[in-house]
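The values are calculated or read from the model by the stated rules, or taken from the named source; none is laboratory data. These numbers come from a predicted model, not from an experiment. All Cβ positions, even for glycine, are placed from backbone atoms using ideal geometry, and neighbour counts span all protein chains on display.
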Amino acid sequence: MTDSWNAEYMNNRKQCIVCFQPPEQDFALIKHHVTYFPEKIAFVHYDCHKKIHGDPPSKVWIQYKDGDARKFYAMKQEKENGQVDGKDEA
């Protein structure tokens with residue numbers, strides 16, 4: 001499954017990819033980036049997300065390099081603002 005950003009979704013919102021349980025009542029699963037380049041997203045419970053980023057972090061569910069998140073969100077912001085490479089699109 002992909003979206004307009006061409007993200008790959010590893011699962012759906014019906015079952016957490018970490019614990020394989022459905023969403024908790026009144027709490028939807030949240031998106032977790034497994035990688036940013038290419039963008040791969042997994043849906044997980046909030047508590048499972050905390051475990052992924054725990055000490056030590058999970059190498060299975062965190063496959064990106066330091067700085068990738070910052071770069072990804074800066075690029076996303078530029079795209080949303082109509083900029084390319086830090087310059088306004090003509």
Handout entry: Subset of the range 1-48 that is hydroxyl-bearing (Ser, Thr, Tyr) and in a loop (DSSP other than H, G, I, E, B) - its residue that is modelled with the highest pLDDT
Key = Ser4
Fill in the blank from the handout: Checked against (1) surrounded by fewer than 12 Cβ atoms within 10 Å (Cβ to Cβ); (2) modelled with pLDDT under 95; (3) not in a loop (DSSP other than H, G, I, E, B), Ala90 satisfies every condition except (3)
